[in-house]
Amino acid sequence: MDVLLVGAGVIGTVFGTQLSATGHRVSVLAHGRRTRRIEDRGLRARDAASGVLTQAPARVVDRVGDSLYDLVLVTVRREQIDQVVTTLADLAGRPTVAFSVNNPHGRARLAGVPGTVVQAFPGLGGAMDDDVAVYRRTFQQPTTVEAHPDPVLGEFCTTLARRGFAIGRTTDMDGWLTHHAAAVVCLAGALRLHDNDPVRLAADRSTLTVMCRGAAEAFAVLRAQGVGGLPLSLSLMIRRPVAHPVAMLYFARLLRSPVGELCLASHARTAGHEIDVLADDVLGLIPSSPSTRNLYEITRLLRR
């Protein structure tokens, strides 16, 4: 396949290396100093668990419409979506365009993009170390992809699976992303209270309680609104988490693990503006009421 990456942070770099290393031709849309380094050194990603470094060639292109692509993989932050949608209007042909982004408004926000538009979310997180994406897979949540029959999307999933990435499919990616965003902002608010230190948060049962209650309140409102797609990894929070100690133990353990630092806290530190925008999105979908008191309490910590 001919693949164009729009966004070359951790997620774009990891997916790009896996695709390029298996013979797919990968290009990266130019964007500042990061892509100039890719032009010189290629894409480089290190699995923090195994220490394996994957290096793969990639060319850098200035415009999206200068070549034909089979797959356009978008891995940008929430606040960049509208700009990217405008840029992608110039795509040539009818490629498969896969958005792997935080997007609680779902497909409605992607109107105007040519080709077959699908959505996904990565089952990994990490941080950039110079020009190397250091990452961990989040085994609690596989890379989740819209259940769409598009063959290019199928090839993308097959490639990742062959490279050892767990893949989940869902028929309601819009709802999945909305629920996930609600959980993200609750977790981010709790982390910000503790200066984005996951170990300190893991030890604070009171804040964990409010965090889990807030997410459960959001899920209850979304369910009442008819929004489906609740991620399986988050479904335990729908059952009164304070009375369900498994939820508390789950998050405390997750926060103390390597995933807590590299995938959760690292993103909270570097993507503060994205999280603030996500919080506005979520609160715009879920009104303030006595039944969402904890949700609004935990998200107020993002305004500190």
- Would you call GLU79 closer than 25 Å to GLY115 by Cβ, in contact (Cβ under 8 Å) with a residue 12 or more places away in the chain and either not assigned by TED's automatic domain parsing to the domain that holds VAL259 or not in a helix (DSSP H, G or I) (or both)? yes
- For the subset of the stretch 85-105 comprising residues that are within 17 Å of the chain's Cα centre (by Cα) and buried (at least 20 other Cβ atoms within 10 Å of the Cβ), which member is nearest to VAL72 (Cα to Cα)? VAL97
- Message: Looking at ALA127, ALA133 in this structure, which one is out of contact with any Pro (no Cβ under 7 Å at 6 or more places or on another chain), part of a strand (DSSP E or B), buried (at least 22 other Cβ atoms within 10 Å of the Cβ) and at pLDDT 95 or above?
- Response: ALA133
- Within the stretch 16-61, tally of residues that are crowded, with 16+ Cβ neighbours inside 10 Å and either in a strand (DSSP E or B) or touching an Asp or Glu at 6+ places or on another chain (Cβ under 7 Å) (or both): 15
- Is the stretch 278-289 home to any residue that is crowded, with 17+ Cβ neighbours inside 10 Å, assigned to a helix (DSSP H, G or I) and in contact with a His (Cβ under 8 Å, 6 or more places away or on another chain)? yes
- Is the stretch 9-19 home to any residue that is among the aromatic types (Phe, Trp, Tyr), under 15 Å from the mean Cα position of the chain (by Cα) and not assigned by TED's automatic domain parsing to the domain that holds ALA271? yes
- Message: Being surrounded by 19 or more Cβ atoms within 10 Å (Cβ to Cβ) and either outside the structural domain of GLY164 (by TED's automatic domain parsing) or part of a strand (DSSP E or B) (or both) is the requirement here; does VAL64 meet it?
- Response: no
- Query: In the list GLY229, GLY164, which residue meets the criterion of being in a loop (DSSP other than H, G, I, E, B), within 25 Å of VAL277 (Cβ to Cβ) and touching a strand residue (DSSP E or B) at 6+ places or on another chain (Cβ under 9 Å)?
  - Reply: GLY229
- Task: Among the numbered conditions (1) in contact with a Leu (Cβ under 8 Å, 6 or more places away or on another chain); (2) part of a helix (DSSP H, G or I); (3) in contact (Cβ under 8 Å) with a residue 40 or more places away in the chain, tell me where ARG223 comes up short.
- Result: (3)
- Task: Out of the residues in the stretch 155-182 that are in contact with a helix residue (DSSP H, G or I) (Cβ under 9 Å, 6 or more places away or on another chain) and polar (S, T, N, Q), state the one that is nearest to THR144 (Cα to Cα).
- Result: THR170
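The values are calculated or read from the model by the stated rules, or taken from the named source; none is laboratory data. What you are looking at is a predicted structure, and each value in this text was computed from that prediction instead of being measured. Glycine gets a Cβ as well: all are built from the backbone with ideal geometry, and neighbour counts include every protein chain shown.
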